Each structure stands twice: as structure tokens, then as C-alpha cells.
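Novice: Mind having a look at this structure? Questions to follow.
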Amino acid sequence: METLLADLRYALRTLARSPGFTAAAALALALGIGGSTALFSVLDGVVLRPIAAPRSDDLVRLYEVPRTDEHVTFSTADYMDVAREVKSFESVAGVWPAKMNITLEAGPTRVPTSYVTASFFSTLRVFPALGRALSPEEDLKGAPRSVVITDPLWKREFGGDRRVLGQSLTLDGRTYTVVGVMPRNFRFPILRGAEALVPFEFEPDDLKNRGGHYMSVFGRLRPGVTVRAAQAELDVLAPRIAEKLPDLHTGWKQLAVPLLPDLVGNVRPALQALLGAVVLVLLIACANVASMLLARGAARQRELAIRAALGSGRGRLVRQLLTEAILLGLVGGAFGLLLAAWGVDVIVSLAPKTIPRLDEVGLDGAVLLFGLCAALASGTLAGLVPALQASRTDVVEALKNGGAGSTARGRARAALVVVEVALALVLAVGAGLMIRTVHGLLADEQIRAFQAEAVRRISTLPGVRSAAFASTVPLGSTEGSLAFEIEGAPPRPAGQLDAASVVWATHDYLRAMGIPLLRGRDFVSTDVEGAPGVVLVNQAFERKFFPGQSALDHVILKLGRRIKTARIIGITGDVRAQALDKNPEPQIIIPLEIWPWPYDRIVVRTAGDPIAATPLLRTEVLAMDKDQPLGNPRTLEQVMSSSLGERRFQMTLLALFGGIALTLAALGIYGVIAYSVAQRSREIGIRMALGAPAAQVERMVVGAGLKLAGLGIGLGAIGAFALTRSLQTVLYQVSALDPVTFLSVAALLAGVAALACWAPARRAARVDPMLSLRAE
């Protein structure tokens, strides 16, 4: 311990005598440590940390699985069957996230809410910190309306007043009584940030519903019961459920999967890939610092030789040099944690809101421990090769001229630069592939009256060309789907009814959205309740269900529960409704004027800036109904940009890390070439004294740097071929082995390397041969 303390004191004095070197090395390490710590904090908060609930490992997510093998949410009756009959579960709960208008003194606003069954609280084992949970009686229509609110809503709207219990809260025009407030740290990803939990208020018909699948279901396993055992019980139950609706449910099954892996399954690979990218940056930083330590070791050969002559063994010298490197790592780690604290906020702000559990991301004990380990590991990794190289000292030769081992050090520095370039190419190729991907995507009567009047008023506003109500917009949210039959078509096998996504919309929807009508007619003002049922379908619908013929004038039967008969009157162009990288799916557009539905999404096409028209729109809507806020207005370009959120997030971070990697690689090449020029000053002086032109000297120096870069590019291409295959699942219309990206990145890296060599080459070409020879 005494020797270690002596090494630490000596390391501190040594680093303090070279503030420029210490600052540069610590900054290089801080970039890598800070980035990797920030990414690990996101990975930890989203993927690794257990859900904040007792015995969270016992929570499972439940799905219904049709014969198409897609995972769908539950219908009410199917949920009731599972909750009642599957004994492997201690309890089962249903959730339906939504948004509601909340009427406050400051005016109406939209807040995220969620319908929950009363069993939600006991299944999660999290109960209100103030008041009570919802009761089973409140699941059914007719019971007094109660609401449980979250801590943020309680503090924001009620000032944290404990007398909130019993107060009234107006949601979507209905009055609820506040009966409970959830704990301050309450979070549950399936709720999607809901601030108010309200009961479903099931009606008798709802309890018989097996056709509408809307309810997210999760359960808690009994102690000692495994997911496999629960699945076996569900497999026994599945045929009994299917028998109750054979036309639709034959061949269906219910699936149980662990909750946390299911919630984060889609984002885990992306976050792991990003963490891998930032670890590559850390390795490049370590190689850069190792190169700096090798150069510094050359200047310390005489010092180390004296220490060896006085009796210090090689192990003692290695330990001293490693102590200095590890201390550098700790200094870099301290700055890196400051960068990580800032970087976490930046990453969370850039991350799309579709990533679950972002509100749980932060610098906790596990993240700080990771940062400490990263600092110790990077210091050791950066210092090991320089320490071994510097300690291999020829005492006599070093005491003569202090230059022993310069050739070996030069080879080691060159090898480190090759590694830096290779790692930088892997990162830059990944960033290039993601950039190419992103560029390649780029009450019924009251409801009817409100929608008609709102469309009439909005359409007359200055600058408004057309307006419509719709259930959704392309790329804006997940669309619902309905099963149907086609009149005159052969009967489908049991459990294989045709289905298509649906959009409810008023007339003028196509014009407002800019969707072309290819054949037939659009909805008109006479398509109202009581008129013959009509619908529009897209080309994808026609191709799938009417191959080789026109779908016009064909009749659709049993479209969901409400629509018995509807004639196809028009064929629209295809729209990528779900995502830019997914092919258009069959779609049916249903007129809201004939079949009203409580949707309140307004689409408006304007002659000028659409956002500038928002205040006028809000004024008109509030003039009609003071409890109807116009929330979150967005242009279609913003909707499209939001749909690319996850890929844009990955692209931005990969591009950032790739840029840092290129910068560090350029600095590494510059350092090696500058060091080489300094070591070869006598040789260069002799060459120039014998008549070598300056241009030849420049080519020689630049050629040496490009040779290192070429080796690194070759090795990096091999590594990129192997590693970028993991990106294939998130790429769109571009191969993981895309030659354009590989060649472009290789050319860019070669250009950066040439630029890094230019300054040392110019310096070498200006060497005065006489001064160089005289100095030698």
C-alpha cells in the first residue's frame, strides 16, 4: 500500500508537469467514457432495470394469436374467460390507454388517460398512496364514476392538497370523483404515461364482445408457477374460447410472454447496437491515448533508464507507468460522467416517444459503477502497451542518447493507428447505412352535428382549402382493422375471415389529405344516415381481394358489428399508413356521416403555413364547445418525421459517434506522422541536401500516412462486413453490404487521412538541410 501511494503521488506530479498532454489524453478518454456511460444509462433504464413493482418477474403479457401468427389485443369476453378459468394466474388485468379532455379552471386540455379493470392494482401490486383503488363494482356500468389520478396530475392541478379525495374531475364531459392518488414513483409502460385511471364501465353487451380486440392484458403468475405452465393451461383453454365464435376464432390461441422482454423487445437490439458503437469510440480513444503515451515514453527513456540502473525491475516500471495511465483514465472518467449527465438529457430528448420507460432513465448507482469500471478499464487498456514498450529499456544505450526502442515504438504507434482507422470505418459504415435508410423512407346525433358544424366553420376560415374529420391519418397512429365478407365470394375456411384496416372519415378527407381518387366517386354531402351504405377502398384492397378485376360496385357484408352492407363506390391510391418501410395494406374508408363514431381528429389543408392557422381553428372549436380542446396540432411533414423517430434516433447517434471516431482517427494519424517526421528529420535533411525536391518529400510523408490508413480501411471493411449484418433488420431498401456506402466511407476516411498527413508533410518539406544536419 505504501508503494502504491508513492506511485500515485509520483503519477500526480508527472501528469501535473505536462498539463497539455494530460488535458488532451483526459479529453479523449472523457468522450468515450461519457458516451458509453450515457448510452448504458438508457439501456439500463429501458431494458435492464426491473419494472417498479413487487415480484416483477412474475408479470406476463398476454396476447391473442390468430392463424396469421400476429399478436393482437384481447376482446372483453376473451379476457373474462382467461381471468376466470386460468388458475396459473394469481390475477389478470386489462388496460386500454386513451386520451381524454379534462376541463380545468384554465380551460380544457388533453391528458393521457387509461381505462383499467379494478384488478389492475392487485395484479401490479401497486396501490394508491392516498385514498383507495377502483373497486370491482366500478368495472360495470351504473356504478358511481370514480377516478384514480397520478402524483404529477395531483400536484399540477390540485396543488398536492390531500383534500383532493372526493373532489370532482370532468373527463370527456363526464363527472368523476377522485378516490385515490398513485405513489410518486408510479410508472407502468403499458399505460403510456396515463395521468388518470378510470374504470371500463362494461355494459352487458360489452361482456359478450369477442369481435373487437382493444384491451391490453397482463397477469401475475402464482408463486412457483412458470410461464411455460401458464402457457400449457392457455393452450387447453384456446379451443373452448374459439368454439364460442367459430367463424372468426377457429385456430386462434392465447399467448403468455414475460412482460419486460415483451415491452422492450423492439428497442433492445437498437440500444445494444448504439452501445456497441460508443464502445468502439471508447476503443479508438484508448488507442489514441496509447499512441500519445508511446510518444511520451520516448521522451522519458533516459529517466526510466536511470531508474532501472538504480535497481527498479521491469515489473516496478510497468506498475508505475500503468498507475499514471489509470490515473489518466480516472480523470477522463470524472469529466466523462459530467458529459454523461448532459448526454443522457440529449439522448432522451432525441429519442422517439415510442421507446418505453424513457422517464426511468437517469444516472443511478449502477450507471456510476459502469462509468467507474469504464474509466479503470480504459486507463489500463490505453496504458498497457506503452508501459510494456517503455519498460523494455537498454540502459546503456538509453543513457547514451535516450533514443532506445524508437523503432519498436514507431511500429506500435503505427499499429494503433491502423486499429483506429479500422474501428472508425466500421462505425462510419453503420452511420452511412442508417442515413441511407432514413433518406429512403422519408352520442351519435350530437357527434354528427358537432362534426358537420365544425367542418362547415373550419372550411370557411381564411386560407383553408378543405377540412375533414378522420379516425387517423397516415403514419399518425395504429389503425384498427375489421373482418368482413364479400358478397358472392366463396365461403372462407373457419377462422380465416378477410380483414382490412379501416379509417372513418367525413367527405373531403381525400382532398384534405391529398390522396388521389383513381376510379369511381368520393363521398358526397348526400351520403348521410339513412342513405345506402358506401365505402372507399384502396388499390392494395383491390389487388388482394379482386385480383385481375375491378372492385367497383361490389358489396361488402358484415363489416364489423355495425355495418351490415356497404357498396364500394371508389378506388383510392395507396398510402403507407403504418410506416414508410411497410408496403401499403388493404384499407377501407368508411363515411362518418353514415356511420358516426366519436373520433375528433381534424385534418385541414391550407393555402399557406398550416401551423399559422391553428389559433383560428382553436377559436372556432372552442366557440362550439368549450370542453373540446384542439391539442397537438402537427403538419403532415411532422407526422412523417415522427414516424421515422426510431431510425432517425439511431442515425443521429451513429452519425455523431462516427464523426467523433473520424476525428480521433485523424488525430491519431496526424500524431504518428508528425512523430515520424520528427524522428526522420536527419534522413529528410540528407535527402534534401542531395537534391530531393520538396514535392517528393511531401509525397513520401503523405504516402506513409495513407499506407497506414489503407491497412486500417482494409481491416475495417472486413469488420464492417461482419458487424453491419446486425443492422439489416432496421434498414430499408439498402443492403447491409451496400457497396456505395462502403466505397463512400472508405473514400471519406482516406481523404481525412490525407488531410491529417498534410501538415506534417508541409513541415517536412520546409526542413532546412543544414540546420537539420547541424542539429544532429
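The values are calculated or read from the model by the stated rules, or taken from the named source; none is laboratory data. Note that the structure is predicted; figures quoted are calculated from it, not measured. Here Cβ is always computed from backbone atoms with ideal geometry, including for glycine, and neighbour counts include all displayed protein chains. Ligands, DNA and RNA are stripped out before the accessible areas are found, and what is left, the full protein with its side chains, is counted by its heavy atoms. Shrake-Rupley method; radii C 1.70, N 1.55, O 1.52, S 1.80 Å.
Novice: Considering only residues that are part of a helix (DSSP H, G or I) and surrounded by fewer than 19 Cβ atoms within 10 Å (Cβ to Cβ), which ones fall in segment 340-357?
Specialist: Applying the first criterion (part of a helix (DSSP H, G or I)) to segment 340-357 yields 340-350.
Across segment 340-357, the qualifying residues are A341, W342, D345, V346, V348, S349, L350.
Novice: Which one is surrounded by the fewest Cβ atoms within 10 Å (Cβ to Cβ), of the residues in segment 109-154 that are of a type in the set (G, A, S) and in contact with a Phe, Trp or Tyr (Cβ under 7 Å, 6 or more places away or on another chain)? Quick ask: steps written out before the conclusion?
Specialist: In the first step, residues of segment 109-154 are kept if they are of a type in the set (G, A, S); the result is 114, 118-119, 122, 129, 131, 133, 135, 142-143, 146.
From the residues that got through so far, the ones that are in contact with a Phe, Trp or Tyr (Cβ under 7 Å, 6 or more places away or on another chain) too are 114, 133, 146.
Details: S114: 22, A133: 20, S146: 22.
Step by step, filter segment 109-154, then rank; the result is A133.
Conditions tested, residue by residue: (1) modelled with pLDDT of 90 or more; (2) open to solvent by 10 Å² or more (accessible area, probe 1.4 Å); (3) farther than 20 Å from S471 by Cα.
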{"residue": "P532", "(1), (2), (3)": "no, yes, yes"}
{"residue": "L559", "(1), (2), (3)": "no, no, no"}
{"residue": "I571", "(1), (2), (3)": "yes, no, no"}
{"residue": "W595", "(1), (2), (3)": "no, yes, no"}
{"residue": "G608", "(1), (2), (3)": "no, yes, yes"}
{"residue": "A612", "(1), (2), (3)": "no, yes, yes"}
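Novice: Look at segment 187-231 and say how many of its residues are touching a Lys or Arg at 6+ places or on another chain (Cβ under 7 Å) and either within 30 Å of V164 (Cα to Cα) or modelled with pLDDT of 90 or more (or both).
Specialist: Residues meeting the conditions: 5.
Novice: For segment 17-32, what are the residues that are in contact with a helix residue (DSSP H, G or I) (Cβ under 8 Å, 6 or more places away or on another chain), over 29 Å from V367 (Cβ atoms) and either of a type in the set (D, E, K, R) or at pLDDT 85 or above (or both)? Talk me through it step by step, then tell me what you get.
Specialist: Within segment 17-32, the first condition is being in contact with a helix residue (DSSP H, G or I) (Cβ under 8 Å, 6 or more places away or on another chain), and the residues that meet it are 18, 21-22, 24-32.
Still in the running and over 29 Å from V367 (Cβ atoms): 18, 21.
Within segment 17-32, no residue meets the criteria.
Novice: Looking at this structure, is A577 modelled with pLDDT under 70, within 34 Å of the chain's Cα centre (by Cα), more than 16 Å from M513 (Cβ to Cβ) and not β-branched (V, I, T)?
Specialist: no
Novice: Answer yes or no: is there a residue in segment 183-204 that is surrounded by fewer than 20 Cβ atoms within 10 Å (Cβ to Cβ), more than 24 Å from Y63 (Cβ to Cβ) and in contact with an Asp or Glu (Cβ under 6 Å, 6 or more places away or on another chain).
Specialist: yes
Novice: Of all residues in segment 237-262, count the ones that are open to solvent by 30 Å² or more (accessible area, probe 1.4 Å) and under 30 Å from P356 (Cβ atoms). Steps first, please.
Specialist: So the first thing to find is which residues in segment 237-262 are open to solvent by 30 Å² or more (accessible area, probe 1.4 Å), and the list is 239-240, 243-248, 250-253, 255, 257-258, 260-262.
Keeping just the survivors that are under 30 Å from P356 (Cβ atoms) gives 252-253, 255, 257-258, 260-262.
The number of residues fulfilling the criteria is 8.
Novice: Now for a different question. Which of (1) touching a helix residue (DSSP H, G or I) at 6+ places or on another chain (Cβ under 7 Å); (2) surrounded by fewer than 19 Cβ atoms within 10 Å (Cβ to Cβ); (3) not in a loop (DSSP other than H, G, I, E, B) does G35 not meet, given it meets every other one?
Specialist: Failing condition for G35: (2).
Novice: Please find, within segment 1-32, the residue that is nearest to the chain's Cα centre (by Cα) out of those that are hydrophobic (A, V, I, L, M, F, W, C) and open to solvent by less than 20 Å² (accessible area, probe 1.4 Å). Give the derivation first.
Specialist: Initially, segment 1-32 is screened for residues hydrophobic (A, V, I, L, M, F, W, C), giving 1, 4-6, 8, 11-12, 15-16, 21, 23-31.
From what's left, open to solvent by less than 20 Å² (accessible area, probe 1.4 Å): 11, 15, 25-26, 28-30.
On the way: A11: 42, L15: 40, A25: 32, A26: 30, A28: 27, L29: 26, A30: 24 Å.
Filtering first and then ranking leaves A30.
Novice: Inspect segment 76-85 for any residue being over 27 Å from G211 (Cβ atoms) and surrounded by fewer than 19 Cβ atoms within 10 Å (Cβ to Cβ) and give the result as yes or no.
Specialist: Within segment 76-85, the subset over 27 Å from G211 (Cβ atoms) is none.
Checked segment 76-85: no residue is over 27 Å from G211 (Cβ atoms) and surrounded by fewer than 19 Cβ atoms within 10 Å (Cβ to Cβ).
Novice: OK, next. Please name all residue pairs, on different chains or six or more residues apart, with Cβ atoms under 7 Å, provided the first residue is in segment 92-104 and is within 16 Å of Y214 (Cβ to Cβ) and part of a strand (DSSP E or B) and the second residue is among the basic types (K, R) and open to solvent by 10 Å² or more (accessible area, probe 1.4 Å).
Specialist: P97/R192; K99/R110
Novice: Does A52 satisfy the condition of being open to solvent by 30 Å² or more (accessible area, probe 1.4 Å) and more than 23 Å from G219 (Cβ to Cβ)? Lay out the reasoning, then the answer.
Specialist: Numbers: open to solvent by 30 Å² or more (accessible area, probe 1.4 Å): yes; more than 23 Å from G219 (Cβ to Cβ): no.
The answer is no for A52.
Novice: So, one more: Could you tell me whether segment 62-76 includes any residue that is under 20 Å from L197 (Cβ atoms) and outside any strand (DSSP E or B)? Lay out the reasoning, then the answer.
Specialist: Kept after step one, since they are under 20 Å from L197 (Cβ atoms), are these residues of segment 62-76: 62, 73-74, 76.
If we keep only those that are outside any strand (DSSP E or B) too, we end up with 73, 76.
The answer is yes, given that some residue of segment 62-76 is under 20 Å from L197 (Cβ atoms) and outside any strand (DSSP E or B).
Novice: Does segment 506-534 hold any residues that are in contact with a Phe, Trp or Tyr (Cβ under 9 Å, 6 or more places away or on another chain) and either farther than 13 Å from Q587 by Cβ or among the hydrophobic types (A, V, I, L, M, F, W, C) (or both), and which are they?
Specialist: Here is the first cut: in segment 506-534, the ones in contact with a Phe, Trp or Tyr (Cβ under 9 Å, 6 or more places away or on another chain) are 506-510, 515, 522-523, 529, 533-534.
Result: T506, H507, D508, L510, I515, D522, F523, E529, G533, V534.
Novice: What pairs come out if I take residues in segment 501-520 that are part of a strand (DSSP E or B) and pair them with residues that are among the charged types (D, E, K, R) and open to solvent by 10 Å² or more (accessible area, probe 1.4 Å) whose C-beta lies under 8 Å away, six or more apart or interchain?
Specialist: S501/E479; S501/E585; V502/E479; V503/E479
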